[in-house]
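None of the figures in this text is laboratory data; all of them are computed from the coordinates on show. Just so you know, these numbers come straight off a predicted model, no measurement behind them. Using ideal geometry, Cβ is built from the backbone for each residue, glycine included, and neighbour counts are taken over all protein chains shown.
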There are 2 protein chains.
Amino acid sequence: MTMRRPPRRGEAAERFREGRRERMSENGERRVVIYDTTLRDGTQGSGVSLTTEDKLKIARALDELGVAYIEGGWPGSNPKDMAFFERARHQQWRHARITAFGSTRRAGGTVEEDVNLRLLLEAETPAVTIVGKASPFQVRVILGTTLDENLRMVAESVAFLKAAGREVIFDAEHFFDGYAEDPDYALAVLRAACDAGADAVVLCDTNGGTLTDPLVRAVRHALSSVSCTVGIHTHNDCELAVANTIAAVLAGAMHVQGTMNGLGERIGNANLCSIIPILEYKLGYRCLPPGNLRKLTETSRYVAEVANLAHDPRLPFVGAFAFTHKAGLHVNAIAKHPSAYEHIPPEVVGNTRHVLVSELSGRSNIVVKARSFGIELGDKPEVVRRVLEQIKELEFHGYWFEDADASLELLIRRNLPDYRPPFEVLDYTVLTEYRNGRGMLAEAMVKLRIGQHVFHTAAEGNGPVNALDRATRKALQEFYPEIAAVDLEDYKVRVLDDHHGTGAKVRVWIRSGDAHGSWNTVGSSENIIEASWLALADSLAYPLVTRPELAARIPELVSAVS
Amino acid sequence: MTMRRPPRRGEAAERFREGRRERMSENGERRVVIYDTTLRDGTQGSGVSLTTEDKLKIARALDELGVAYIEGGWPGSNPKDMAFFERARHQQWRHARITAFGSTRRAGGTVEEDVNLRLLLEAETPAVTIVGKASPFQVRVILGTTLDENLRMVAESVAFLKAAGREVIFDAEHFFDGYAEDPDYALAVLRAACDAGADAVVLCDTNGGTLTDPLVRAVRHALSSVSCTVGIHTHNDCELAVANTIAAVLAGAMHVQGTMNGLGERIGNANLCSIIPILEYKLGYRCLPPGNLRKLTETSRYVAEVANLAHDPRLPFVGAFAFTHKAGLHVNAIAKHPSAYEHIPPEVVGNTRHVLVSELSGRSNIVVKARSFGIELGDKPEVVRRVLEQIKELEFHGYWFEDADASLELLIRRNLPDYRPPFEVLDYTVLTEYRNGRGMLAEAMVKLRIGQHVFHTAAEGNGPVNALDRATRKALQEFYPEIAAVDLEDYKVRVLDDHHGTGAKVRVWIRSGDAHGSWNTVGSSENIIEASWLALADSLAYPLVTRPELAARIPELVSAVS
């Protein structure tokens, strides 16, 4: 029997090599140039807004990951983008070239007088990317100019930037729609850019509507029509952005544009976090410096964090659910052989396996689970028995530990003889009030004990749980300033029982995170405030208890107030 | 100039027809059978948990959309799934066949004594789907049996179910991994099922790791090896589930398994909300009854709502961002021509474009909807305009009226000249308190005006919303004793925005009922108490306003306290 999992690197690629133009590195590796446009096209996504400092942080992380190009922004579009280029100029970049983005000159104008082209040069980047239209419909109806003038705009703009000593990448906007409309014209646009000296022409599926087979045919036609590097830039409107990018590379495109986590306008751009592991690990291309594929998950998380977006757990390869197993059948199989329900080992991309155990019926499950938290219970049968009893009791009362590892770990640790609570809650009160003409008011008071200190705080919030959260942090931060960095990333409420209306039991689930990672906690009660409080208290206790540098500061236990 | 947007239906399909086995309907349409497994494989996703009632609601919506099969669950795995089949049996299904899912008989046993197969028959569905392994690695290492015994398990189980008069669909688990390992064995498993009478064999990429080209080769080989219908079932671990499904259909597979919104284990299953519009609109296949593609967006939203999941705005085709335009450049182009940055017209899938344009098309919808409530607005254009404005404003603030008809009816009635409010709220206050040793306390005070009477009440509850509910009823019952019969049957809370943790906006949805029927209301706010109150107030106002015998008792309007 051949055990084919994980697939040998490059194995599948062997079969697709025919007909593809290859760019070999010195040691014979097939390379694909990764061009990241998170900072430009990625910021067109709804809810994405980056400061100059955010952009620099993300650019440094991308450089560390090892992408070949980082498109920093559009200096002609806003001053924030120009500020990025001014600061980027003074940075040392290990792997990446910074590129500035702009459009070809305006119709009817000259390159010398074009404000947009001048600003592109003022960005002083080693490479520039300019976009021009490759669809007759777009040229006539949207630009309102002639097909010939559009070809001159492309050629003159490329030549102008080349004459200024820049590497020039030409983005052929609407290339695939244009090719479907009039292949000759779409290809003429590419040739105009190439003949004027462009280093690469990039075929863009701007509206994201092209299916894979026609896309591949157009890529092949482009490859046989121009001599410079051909790149691919896709959008995810048909959920095909990754597939189309991979197909284009297999057809011979050697430059790939995309964004981290697939951020971007409408549904998003092609997701580099899926494309890179497929190309490197499954198809044997070189995309990143050797060894760097393992940084993918942390880079993906970091970008989401800086962009102030929740890290989607359903991201392929890098999401929290990518190697999470729930079904009983599958968990049994995973126990027999880890690869039974995994297409790659999670560590390849720096991710980890999660096994959700809803009914922790067996003692051995508890021991295995505790071990994954770094706690050895094999020699502590009494602790295992108590933990099991508590889980059973809590699940009866509506808890569900399946997706709340942090609460489960705390429950186990609280049963260890050396456990010291990072804080004890004495009292809390939440008031929500509506008075005609005054609007809603939510206010909380919290009294905590940490060691021998008692902290009594009050805060307002835009709702009762938010007020309670704020008052609690206010108290904790006096002793543990690090708690300020913890964000509540997600908050969910589930009503467990349909039969009692507003008196039903509710379960609150919280995901919290900071630069070190994210963790999930749970609380359950008939009172939504109490359920929220229980999940909230665990989410704040978790980093204090589990990080050695914080745990070391927890004071010795003093007798609790009864 | 040819304006090729949107592409003509079936145009692209013309070019791919060669080599594909076609299933023509009577009028010569190419059909693909849509097999929905949201209720079974979809529930394997993290955070997905459905009650029997939820499952029935989703099944009815899928039937209304017009999918061919609805896989209801695994009767052998839990009593909740068996309860679904018991209730489903008594429903009228317009388009769909209900199927029960299970596995082949156990290794070494007999079909007659197999508990799982017996429960499959007890589900009494017209079709059953059984899963068997098509990978030697899985058979030997995970099942722990021989390759020959596995073939017997498949053949005997299929034959047993066929003999009981069922349509039988065979899911070949790990087919593509198995095919890469040992093509002869993987195909032998398919033949064993087919020869035993299976109506369809479905090729499963269980781990989601197969790339498109090798997948297509394996599909072609399967098609040339068996005579029954061949189906495809993919997972999204490489972000290729949709691409792989489309490629398999173009290669000749005529049965597609997937889930609404791509719900499912790990990253999820193939997303039917992307597959259906690509197949129907872009490739000219028939998947749904004519005209039903327009129901796709509302069905997608409804499934998310019932499953208590946020409806991902980045879902292709059906998400809120699918036709949302942010970039200045693009919005200007959109103003010139709507299709400039859209790959299809949003209305094809029942979605809408989000740019700032007044929505005149909604007026006739309001008139029709009002008529369903017994309100004639055809002659009241000013009321229709105001109602539309209010809906737009409220939906911007997180309301969603799709599954809250009672709140929508109240909103319309409040705009009618003869509307009299059944009560007016003046003040309310809710206190939640935890004091060491006293346990949790929740208490509410409510001050209402009904006509010229002011009622001021207080009540305790097991949580703040329950306390508010009780205090409000106490006040209302003094004037409307019938309100005592109204029960709160269900209460759901949804967090609308991941970005602000406990400060996020929440939407509360309530179902209330009494002997006359049940009705749904909605409220939204950053404050969970306020959101609950808004939904609660509507749920109590609804019977008072809409039942003639109660409405007749509503006092004449007196001037409200400012």
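Odds and ends about this structure:
- Straight-line reach from A:LYS55: taking Cα to Cα under 29 Å and skipping same-chain neighbours fewer than 8 places apart, the lysines in range are A:LYS80, A:LYS133, A:LYS162, A:LYS295, B:LYS326, B:LYS505.
- At full extension, B:GLU124 and B:GLU424 could sit 102.8 nm farther apart than now, given 0.36 nm per residue minus the alpha carbon distance.
- Within 10 Å of the Cβ of each residue in B:42-48, the mean number of Cβ atoms contributed by other protein chains is 5.
- Charge tally in the Cβ shell below 13 Å around B:ALA471, where Lys, Arg are +1 and Asp, Glu are -1, B:ALA471 excluded: -1
- Cross-link reach list, lysines versus B:LYS474, counting only Cα pairs under 16 Å and skipping chain neighbours closer than eight places: B:LYS447
- Amide N proximity, the stretch B:77-93 versus A:LEU388 label position 7 Å along Cα-to-Cβ, cut-off under 18 Å: none
- Förster-model FRET efficiency, 22 Å R0, B:GLU149 and B:ASP195, C-beta, rounded to 0.05: 0.85
- DSSP bridge orientation in the protein assembly as shown - percent antiparallel, rounded to nearest 5: 55
- Selection among A:ASN365, A:PHE321, A:GLN44 by position relative to the dipole of chain A gives A:ASN365 as farthest towards the positive end (Cβ unit charges, Cα centre).
- Positive-end extreme of charge dipole, the stretch A:424-551 - chosen from A:LEU550, A:SER532, A:GLY517 (charges on Cβ): A:SER532
- For the stretch A:54-119 versus the stretch B:440-470, the inter-centroid distance based on Cα atoms is 59 Å.
- Remark: chain A carries a charge dipole of roughly 1180 debye about the Cα centre, counting +1 on each Lys and Arg Cβ and -1 on each Asp and Glu Cβ.
- Shielding value for B:341-350 is 3, the average number of Cβ atoms from other chains within 10 Å of each residue's Cβ.
- Under 22 Å from the Cα of B:LYS380 - lysines, other chains or at least 8 residues apart: B:LYS369, B:LYS392
- The protein assembly as shown shape via C-alpha gyration tensor axes, a/c threshold 1.5: rounded
- Per-pair calculated FRET efficiency, R0 = 22 Å: B:HIS337 and A:ALA164 via Cβ, rounded to 0.05: 0.05
- A straight line joining the Cα centroids of the stretch B:210-238 and the stretch A:182-238 runs 29 Å.
- If only the Cβ of Lys and Arg carry +1 and only the Cβ of Asp and Glu carry -1, the dipole of the stretch B:424-551 around its Cα centre is close to 160 debye.
- Distances in nm from B:GLY517 to the matching label points in the other copies, shortest first (labels 7 Å along Cα to Cβ): 5.3
- Relative exposure of A:ASP184, A:ASP81, judged by other C-beta atoms within 10 Å (fewest first): A:ASP184, A:ASP81
- Karplus-based coupling profile of the stretch B:404-411, in residue order and whole Hz: 9, 4, 5, 5, 5, 4, 4, 4, with θ = phi - 60° in 6.51 cos²θ - 1.76 cosθ + 1.60 and x standing for Gly or Pro.
- Cα gyration tensor shape of the stretch A:424-551, rounded if a/c is under 1.5, else prolate or oblate by comparing a/b with b/c: oblate
- When the alpha carbon gyration tensor of chain A is reduced to an equivalent ellipsoid, its three semi-axes come out at 52, 29, 21 angstrom, largest first.
- Across the copies of the chain, B:ARG435 has label points (7 Å from Cα along Cα→Cβ) spaced 2.3 nm apart, shortest distance listed first.
- Packing rank of B:92-98, B:468-474, where each peptide gets the mean count of other beta carbons within 10 Å, highest leading: B:468-474, B:92-98
- For the residues of B:181-187, the average number of beta carbons from a partner chain within 10 Å of their own beta carbon is 1.
- Cβ-derived FRET efficiency at R0 22 Å, B:ASP213 paired with A:ARG286, nearest 0.05: 0.65
- Label points for B:ARG87 are taken 7 Å from Cα along Cα→Cβ. From this copy to the others they lie 5.6 nm apart, shortest first.
- Full extension of the chain between B:ASN436 and B:ALA515 gives 24.2 nm of extra length, using 0.36 nm per residue less the Cα-Cα distance.
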